[in-house]
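Laboratory data are not the source of any read-out in this text; all were calculated from the coordinates shown. Fair warning: this is a prediction, and the values are worked out from it, not measured in the lab. As a convention, Cβ positions derive from the backbone with ideal geometry for all residues, glycine included, and neighbour counts pool all protein chains shown.
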């Protein structure tokens, strides 16, 4: 079964839907519609231009018709000072705007990176995939490189790994690896709002940089800030395998040369 093509607002004309479902050619689908043999959500539709979505219940002579949705998975190197949101009253740049010139499909960011955080960010229209990447019960790791102005106390990292309570919120890292006196790689499985920054600020340690370098076994390689690419199907499947317990998260990635934001 072929995938439904992209049209505005995630909707297509009814004859296009029927054609991609293999019912008939578009011309033949128009004849079928006009003959009153198609229902949409229980209502007979005789107008070929009627727009439908993949969430509608569409039947031909009483039999349900289904078209496979075309899922998109896109990897963006988010620069600093871009917001993970569909709109901002303050007019700040949006991460989604970096892909809009190429992608007309409505996509959503998988998790969030705060305004000043850079790095790996996935966009998709696959809700199930999104859930498996962000919910902590699926154990898909997120790895960050953190650079600070002051020396990083080992005691703080151990507290973070054990679980630390700050202003009534408990933060917990899965693991850490010091890369110098002022740099550490952190692995999180959940990632609460401004979690890393809040942990360091609780000890008056200013964070100069937070950069996400890995999600599961997917790394941010070969992309400059603002650049993006489509994920390969094997990359998507590898991430799903981690979420489903069929594959393990890798160890800490090797130290990489910093790319400019």
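When 126, 167 are ordered from fewest to most other Cβ atoms inside 10 Å of their Cβ, what list results?
By the 10 Å Cβ count, ascending, the order reads 167, 126.
When a/c is below 1.5 the answer is rounded, else prolate if a/b is larger than b/c, else oblate, so apply that to segment 73-243 with a ≥ b ≥ c taken from the square roots of the Cα gyration tensor eigenvalues.
prolate
What FRET efficiency comes out for residue 131 versus residue 192 if R0 is 22 angstrom and r is the Cβ-Cβ distance? Round to the nearest 0.05.
Step by step, r from the Cβ atoms, then E = 0.85.
Test of understanding: ordering 140, 154 by Cβ neighbours within 10 Å, fewest first, what list do you get?
With the sparsest Cβ surroundings first, the list reads 154, 140.
Considering only 46, 174, 142, give the residue with the highest GNM mean-square fluctuation for the chain, with springs between Cα atoms whenever their separation is below 10 Å.
46
Can you give me the distance in nm between label points at residue 155 and residue 81, each placed 7 Å from the Cα along the Cα-to-Cβ direction?
Label-label distance for residue 155 and residue 81, simple model: 3.7 nm.
Rounded to the nearest 500, what is the chain's calculated 222 nm mean residue ellipticity when only DSSP H runs of at least 4 contribute -39500 (n - 2.57) each, over all residues?
Numbers: 6 runs with 51 residues, N = 261.
Calculated mean residue ellipticity at 222 nm is -5500 deg cm²/dmol.
From Cα pairs below 8 angstrom and at least 6 apart in sequence, can you work out the relative contact order of segment 73-243, rounded to a whole percent? Let's see the in-between values first.
Working: 310 pairs, mean separation 51.5, N = 171.
Relative CO of segment 73-243 lands at 30 percent.
Let's test the formula: R0 of 41 Å, r as the Cβ-Cβ distance of residue 201 and residue 106. What FRET efficiency results, to the nearest 0.05?
Values: r = 35 Å, r/R0 = 0.86.
About 0.70, to the nearest 0.05.
Quick check on the exposure proxy: order 157, 133 from fewest to most C-beta atoms within 10 angstrom.
Ranked by crowding around the Cβ, least crowded first: 157, 133.
Does segment 8-65 come out rounded, prolate or oblate, given a ≥ b ≥ c as the square roots of the eigenvalues of its C-alpha gyration tensor, rounded meaning a/c under 1.5 and, failing that, prolate meaning a/b above b/c?
rounded
Taking springs between alpha-carbon atoms closer than 10 angstrom, which of 34, 131, 105 fluctuates most in the Gaussian network model of the chain?
34
Treat each spin label as a single point 7 Å out from the Cα along the C-beta direction, and report the residue 246 to residue 25 distance in nm.
Reported label-point gap for residue 246 and residue 25 is 4.0 nm.
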